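S.K.: To start, I am sharing the structure in question, which I have written as structure tokens.
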Amino acid sequence: MKVLGTLLIVVLLAMAAGAAFLWLGLYRPYGIIPAQGVFVEIPRGSSQRAAAHLLKSKGIIRSAIAFEIYARRHPKRSLLAGEYFFDHPVSGKDAYWKIANGEIYQRLFTVHEGDTMYDIANNLGAAGYMQAADFLAAAKNASQIQDIAPGAKSLEGFLFPATYDVPLHAGAPDLTTTMVRKFRDALQQIAPDRLDPQIPGTPLLSVITLASLVEAETPKPEERPLVAGVYTNRLRKGMLLQCDPTVIYALKQVLAYNHPLTFKDLRYDSAYNTYVHTGLPPGPIGNPGESSIRAALSPAATGYLYFVANTQGGHFFAATLAEHQLNVAKYHRLLNGEPGDPPEPVQQESRAAAAARKGKS
């Protein structure tokens, strides 16, 4: 009896120790997380056991057994694949629910309306998401849009402005594919027929090129159809578009742009320089948003051929060169802090009228 009692005590102590170990494994934060944090990637299709051992190997949980037992108590919940980031010690229970709830690590990156592929590449590099050169190399491969924009030399114009979640190990081709897919989704809502290059009408590449000029010229959505209308009218008349942003884009391609533009810059020989070459440039000069794409698809029907800044973020529009010159003079007055409209001319008395008035006095 004494031996049995001793054995019973040993078993009870072992059970208590096991329970204590499991409790510690589930409810007490564990480990020391380095300052840079720890990333754990749960592969798709991982079992509870595989996930438990992966977390254990990364130093996130104390006990893989305790984690697996806890997971089995929740058969209706599954562990979601993805990348998880741990920046402080957590308990096994907290680690389980982080993964079961799909609290996947997100690295958000925003492409702004009008950003060029060079802007996007530089911003990705500055944020540490990937090498700028890698993104540029992927963006210069236009193969994935040849079905909708035959002849496009790059993905410029088709990297849709939006906020993207960039996975930790994302490759540049994967990211450009996501951006182009976003473009296709947006165009499907705006003008689905434009996704078919066999449909008669202006080629999509030309539409997006015009939209990129509109995006670069005005931040005001209500002005975009007017700007698109000006360029459309000038194209019909065979006039030079004389769009400053196209010159800036041409200079940036050769790392030669210095603000502000000079008269010498306006003579720079590039297919993108619309002060030198008639027609649209050979491709977009940035990535336009929905508003500018809609404007390029439906330009305002006006007689306007010119526009100039109004110092309020918008523009003055004119149908004739004489009206445009008046608007330019107004712009310079406003720029100098003067009233936009010139003062009324003071009427000078004729000498005869002045003499007559003096004789009566």
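Read-outs throughout are calculated quantities, based only on the coordinates presented, and are distinct from any laboratory measurement. Here the structure is a predicted model, which means the values were calculated and not measured. Glycine also receives a Cβ, built like all others from the backbone with ideal geometry; neighbour counts cover every protein chain displayed.
S.K.: Quickly work out the Asp185-to-Gln106 label distance, labels modelled 7 Å from Cα along the C-beta direction, and quote it in nm with one decimal.
M.R.: 1.3 nm
S.K.: Just to confirm the number: angle between the C-alpha axis of helix 172-190 and the first principal axis of the chain, 0 to 90 degrees, nearest 10?
M.R.: Between the helix axis and the principal axis of the chain, the angle is about 60 degrees.
S.K.: Which entries of Lys56/Lys76; Lys140/Lys237; Lys56/Lys98; Lys58/Lys93; Lys76/Lys98; Lys220/Lys252 have Cα-Cα distances beyond 21 Å here?
M.R.: Lys56/Lys76; Lys140/Lys237; Lys220/Lys252
S.K.: With point charges of +1 on the Cβ of Lys and Arg and -1 on the Cβ of Asp and Glu, referenced to the Cα centre of the chain, which listed residue (Gly238, Ala132, Val276) lies farthest in the positive direction of the dipole?
M.R.: Ala132
S.K.: Using Cα positions and a limit of under 15 Å, work out the aspartates and glutamates in reach of Lys153, with same-chain residues fewer than 8 apart set aside.
M.R.: Once the sequence-local aspartates and glutamates are set aside, nothing remains near Lys153.
S.K.: With each label point set 7 Å from Cα along the Cα-Cβ vector, what nm distance links Thr202 and His169?
M.R.: If labels sit at Thr202 and His169, their model points lie 4.5 nm apart.
S.K.: Sum up the charges of everything whose Cβ sits under 10 Å from the Cβ of Tyr84, counting Lys and Arg as +1 and Asp and Glu as -1, but leave Tyr84 out.
M.R.: That works out to -1.
S.K.: Another question, then. Relative to the first principal axis of the alpha-carbon coordinates of the chain, what is the inclination of helix 351-360, with its axis defined by its Cα atoms, in degrees from 0 to 90 and to the nearest 10?
M.R.: That helix lies at roughly 70 degrees to the long axis.
S.K.: Just tell me which aspartates and glutamates come within less than 16 Å, Cα to Cα, of Lys264; anything on the same chain fewer than 8 places away is out.
M.R.: Output for Lys264: Asp244.
S.K.: A further question follows. Between Thr311 and Gln325, what is the label-to-label distance in nm when each label sits 7 Å out along the Cα-to-Cβ direction?
M.R.: With each label point 7 Å from Cα toward Cβ, the separation is 2.2 nm.
S.K.: Toward the positive end of the charge dipole of region 117-304, about the Cα centre and with charges on Cβ (Lys, Arg +1; Asp, Glu -1), which of Tyr304, Ala172, Leu155 goes farthest?
M.R.: Tyr304
S.K.: Given 0.36 nm per residue, what is the gain on full extension from Glu222 to Arg333 after removing their alpha carbon distance, in nm?
M.R.: Length difference between fully extended and current span is 37.5 nm.
S.K.: Taking the dipole about the Cα centre of region 25-100, with the C-beta of Lys and Arg at +1 and of Asp and Glu at -1, give me whichever of Gly31, Ala100, Ile69 is farthest to the positive side.
M.R.: Of the listed residues, the answer is Ile69.
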